[in-house]
Every structure is written in C-alpha cells, then in structure tokens.
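Inspection log for the structure reproduced underneath, given as structure tokens.
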Amino acid sequence: MKPFDYVRATSHADAHDSAARIIAGGTNLLDLMKHEIETPTKLLDVTRLDMTEIEEAENSVRIGALVTNADLAADPLIRERYGVLSRALLAGATGQLRNKASTGGNLLQRTRCPYFYDTTQPCNKREPGSGCMAMEGRNRILAILGTSEHCIATHPSDMAVAMRLLDARIEIEKPGGEAQILTLDEFYKLPGDTPHEETALEAGDLIVAVHLPDAPKGAQMYRKVRDRSSYAFALVSCAAVVATDRGKITDAALAFGGLAPKPWRNTEMERLLIGEAPSEALFDKAADVLLEGAQSHGDNDFKIPLTRRVVKAVLGELTGATQ
Amino acid sequence: MEITLNVNGESHRLDIDTRTTLLDALRNHLDLTGSKKGCDHGQCGACTMLVNGRRINGCLTLAVMHEDDEITTIEGVGQPGALSPLQKAFVKHDGYQCGYCTPGQIMSAKGMIDEFNMGWPSNVTDDLTAMPDFSRTEIKERMSGNLCRCSAYPGICAAITEAAPDEGTSKEAAE
Ligand SMILES: Cc1cc2nc3c(=O)[nH]c(=O)nc-3n(C[C@H](O)[C@H](O)[C@H](O)COP(=O)(O)OP(=O)(O)OC[C@H]3O[C@@H](n4cnc5c(N)ncnc54)[C@H](O)[C@@H]3O)c2cc1C
Ligand code: SF4
Ligand code: FES
Ligand code: FES
C-alpha cells in the first residue's frame, strides 16, 4: 500500500476535501489500495458523521449513507415494505462484510473485472487509454448491455439493483453545503470513451443519504444467479416487482445486475408487460426487448440465454403463471 | 500516528503507520496473534473479530479508524482452562483439523449467534419478517464468510448448534 495521510471528519464542514479520498467501511477501498489500484495520498474518514439513521418521512424513507448493509437488510421497516432490498443485500458478500459495508460505499464499489484487478495488464478504466484486455480475454462475468468498445465491465452491487428498481434517489452534499438529488440512472455513467468516469460525483462531494419513495404495489423478488449458492458476485441478477389483477399484469418493474456497467432497467420491456395476461410467450417477448442489441464477447455468451431464463422464471413466479 | 485501542477490556497506546490494518496492529504491535491472516482481502474470514459487538474482517479496516471502539478477539473470549461454550464445543465436536481458521470461526459464530437472536434474516430465510429457525441451512449460509481449508465444516456446524443457547453475549448485546 502507498503511504497516505489520515484525517477524521468531525463535522460535515470537514467532509468536503477535494484532495482526499473518502473512506467509510473500507471493504472495497482498502482492498483496492492493497493492490495499488487505488493510491490516494489522503484518506478522509467520514464514519463519525451523523449519517447512520434510517428515517421515515412523508412518502419516503431516508437511509443515511453510513447505514451498514447489515443494519439496512435487518431493519424491520425495510423487511416489511422493501423486501426486495433486504433480499438483495442479504444475497451479497458475507455477514462480516455487511457489518462494515456502508450504503454510500456499496453504491461506489468498483468493478470485479479481472484485468482491472491485475495491475500488470492494460485496462482503460484503471489506466485511461491503455486498452481493454477483457474484450477478447476472460470476460465471463462481464457485461452484455450498455458497454462500449473501450470497456465491458459490470457494476457488481446487488443493493444498487434493488435501489434502481425502487426508484431510489441519491442525496449528495456539495462542497458549498447545497444538496443534489440524483436517480441511480443519472448517478451512474455508461463507459463510452471514458470508462474511468463512473458516476456523476465530483471532487469534494459527499453522499449523505438514499431516499426510497413509497414501496411499489405488487409482489417483490430478488433472484441472483451465481457460481455458488453463497458468497459470490452475481452472473445475472434480477430485482422485480409485479402486480396482477384479474389475470392481467397491472404493474411491472424489473432491474438487472451482472448485465451492464450500471444497474439496468428497460422501460420499454416494462410497458410491454403492463395490461397483458401473463404467458410464456409474453415473457419471451419481454426478454427479446431487454436483450435487443445485447453483445457478448465469448466467455460471457451464456449470459444472453441465461438472462432470458431468469426473466421467464422471475415473471412466471411473480405472476403465478409458472411454478 | 498515535492512537489508543481498547482490546479485550484493556486500553493500549500505540504509534503506528496509517496503513496498518486492525489485524496487523493486533498481531504485530500488541502480540495478539490469535486472529489469523489468511487472505488479507476479506475473502476467508480467518481475521474475524468483534468491534462493538459486531463481527468484522480485521484485515479490511484500518487500526487508526478504531479509537474508542471495543475490540474483542479470540484471546478475550476464553483462555486455556476457562474456555467459552463455543470453544468447548469446537473441541468436543472436532470443529477443526489444523486450527488456522478456528479463531475466525469462533468469533464469527459469536457475532452470528447475536445476529440470530436479534432476529436478523439471512439469504435462506423464507419469511423476512418472522424469527428465523436456527437450522443447519441457516448456519451454513450465515457462516459462509469463514472458509476452512481442512473442511472441518460438519464439526463446526455441530459445535455451533450445540453452543448457541449458552453463548450469552446476545442478552448483553440486546440490553
Ligand atoms: C470478498 C468480498 C465479497 C463481496 N461480495 C459482494 C457481493 O456479492 N455483492 C455486492 O454487492 N458486494 C459485494 N462485495 C462488495 C461490498 O459490498 C463493498 O465492498 C461494500 O459495499 C463497500 O462499502 P464500504 O462502506 O466498505 O466502502 P469503502 O470501501 O469505504 O468505499 C468505497 C468507495 O466509496 C467511496 N465512498 C464511501 N462512502 C462515501 C460517501 N458517503 N460519499 C462519497 N463517497 C463515498 C469511497 O471513497 C470509495 O471510493 C464484496 C466485497 C468483498 C471484499
Ligand atoms: S472491461 Fe473495463 S475494467 Fe475490464 S479490462 Fe476492459 S477497460 Fe478494464
Ligand atoms: S485475512 Fe481477513 S478475510 Fe482473510
Ligand atoms: S481447521 Fe484447518 S483451515 Fe479450518
């Protein structure tokens, strides 16, 4: 690890140092610093700030950026109304890691692309302009949607997939103290020509909270497909909420992990489902819309048929059309 | 940088490089070598310890971040001649072979039992709002952050199952 100065923020006024890197749970940042993929010269510890509460407000729930993944998953209100979020969190990492991992840090965790982790290899995300080894290399876990010719990395978070489904909004405190509110779609950038620019966050910004609007109507579910049944990142995951009434789908939302550089949603696919009677043929059509333009790169070819199966299984289960 | 660490009820003043992980601070500066280093990347659980009653990976956190925290390691749980219920059960059920993962397994099990008693669900819990069953499936899922290269898992599960009702920290933690 490279040497760094350590500073502890005691108030929000101290928490906007554009020369420093924020540290919360440290479970991603320290791992990357040990590999010297991240080499900050100054760490700003924000863990003593007052961002540890889950508060109910009118038509929303506000989750402080320091709420741990463990506390969020176990929170009675979240379990009762936003089960899909509890499920997504519980499907990620381990008991020990979830006790440290924070809401803000989870949103900002970086890709698990094997070449991003290997500092002896070129990688446009780690070293802009150096090339992308994954394109023709080991890309089994990498993306099929939203990629560019410069990067096919996925965003590895489970939590963020559920938050995207739930139309969560991220509250950012700017260095001047003013608040900025962004949806997850606005927050995460697609790689394009600049895969090293991952989010809308600017130097000196602090994530202070995530807001969840009222829970959507319908049955919720998080399905994570991975190489082993516990303690592994998703190959494909799907957070979904579907409401049905008298044999018709009245509401549907689906968000996906493991497919793209950010938690992925396709509103055209959702619109196609609404008002229809659930059937295999309908689910197939929905999968067609989702996977239109999907591009695989060899090792990850399997993700295209796997995604289709996940879509059909999740919709089948939530609508009761299949068991 | 000078810091104070509270470990197993004792306070220690030490002067360390900011890069020192909590695990390295305990092992290399305070001679508390019970917590083990397996992977140093949060993947194996050998370094599991309790911070303010919660189980965490000591290798993925900085010592300088833990002033004022209560740290508990395997040394604070029991000693030869005065073993804790979990430690006794690990001996009785052969919950280890080489023993390298054992301190982490025991510390993780301690934290896990408390989480259970607080009613926390897991990935395998059917009903998110009901009190989970203390089943083998639940134990396996909740302990998946602790790897054992000797594959002593059957003994580990048996030991945890037996000792869980006697591990009293849950009651203190709840208060
Ligand atoms: C072995 C292992 C397995 C894992 N498995 C999974 C898995 O299956 N699913 C999954 O989703 N995740 C998994 N994770 C990742 C884990 O969820 C993340 O490491 C964790 O959520 C990061 O949170 P943190 O608080 O520790 O972040 P940190 O490491 O402290 O920070 C991460 C980044 O966020 C920034 N940051 C943190 N807080 C703020 C803030 N308030 N404002 C602005 N910037 C901030 C930091 O500067 C840093 O860049 C795994 C991790 C490990 C080590
Ligand atoms: S996919 Fe992205 S992260 Fe992976 S090697 Fe290519 S540029 Fe780097
Ligand atoms: S040494 Fe900390 S998890 Fe392996
Ligand atoms: S007893 Fe040898 S690693 Fe677990």
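Quick look at the values:
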| item | result |
| --- | --- |
| Cross-chain or 6+ apart pairs with Cβ under 7 Å, the stretch A:57-83 first and more than 14 Å from chain B (Cβ to nearest Cβ), then assigned to a loop (DSSP other than H, G, I, E, B) and of a type in the set (S, T, N, Q) | A:G64/A:T52 |
| Leading residue by the ranking (nearest to the other protein chains (Cβ to nearest Cβ)) among those in the stretch A:28-52 that are acidic (D, E) and under 22 Å from A:N124 (Cβ atoms) | A:D31 |
| Matching residues in the stretch A:168-201 - criterion: being acidic (D, E) and in contact (Cβ under 8 Å) with a residue 24 or more places away in the chain | A:E171, A:E173, A:D185, A:D193, A:E198 |
| Selection within the stretch A:209-242 - charged (D, E, K, R), assigned to a loop (DSSP other than H, G, I, E, B) and away from ligand 1 (no atom under 13 Å from the Cβ) | A:D214, A:K217 |
| Residue pairs meeting the criteria (Cβ under 6 Å; at least 6 apart or on separate chains; first within 9 Å of chain A (Cβ to nearest Cβ), in the stretch B:31-47; second charged (D, E, K, R) and within 16 Å of ligand 2 (Cβ to nearest atom)) | B:H41/A:D31 |
| Residues that are in a helix (DSSP H, G or I) and closer than 22 Å to A:A134 by Cα, drawn from the stretch A:274-323 | A:L291, A:K303, A:I304, A:P305, A:L306, A:T307 |
| Hey, B:G119 facing chain A (nearest Cβ under 10 Å) and at negative phi or not | no |
| Index of the failed condition, B:E75 passing every other in (1) outside any helix (DSSP H, G or I); (2) away from ligand 1 (no atom under 16 Å from the Cβ); (3) among the charged types (D, E, K, R) | (1) |
| Any hit, the stretch B:93-109, residues being away from every other protein chain (no Cβ under 14 Å), within 13 Å of the chain's Cα centre (by Cα) and within 16 Å of ligand 4 (Cβ to nearest atom) | yes |
| Residue in the stretch B:141-164 that is more than 14 Å from chain A (Cβ to nearest Cβ), of a type in the set (V, I, T) and surrounded by 20 or more Cβ atoms within 10 Å (Cβ to Cβ) present | yes |
| Scan of the stretch A:97-120 for residues that are away from ligand 3 (no atom under 16 Å from the Cβ), crowded, with 18+ Cβ neighbours inside 10 Å and among the polar types (S, T, N, Q), ordered by number | A:S102, A:T103, A:N106, A:Q109, A:T111 |
| Residues being crowded, with 21+ Cβ neighbours inside 10 Å and under 15 Å from B:G111 (Cβ atoms) - total across the stretch B:61-76 | 5 |
| A:L142 within 21 Å of A:E173 (Cβ to Cβ) and away from ligand 3 (no atom under 16 Å from the Cβ) | no |
| Search result, residues across the stretch A:84-115 that are more than 10 Å from ligand 1 (Cβ to nearest atom) and more than 9 Å from every other protein chain (Cβ to nearest Cβ) | A:V84, A:L85, A:T111, A:C113, A:P114, A:Y115 |
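Read the figures in this text as sums done on the coordinates, not as results from a lab. Bear in mind the structure is a predicted one, so any value in this text is a computation, not a measurement. All Cβ positions, glycine included, derive from the backbone under ideal geometry; neighbour counts span all protein chains shown.
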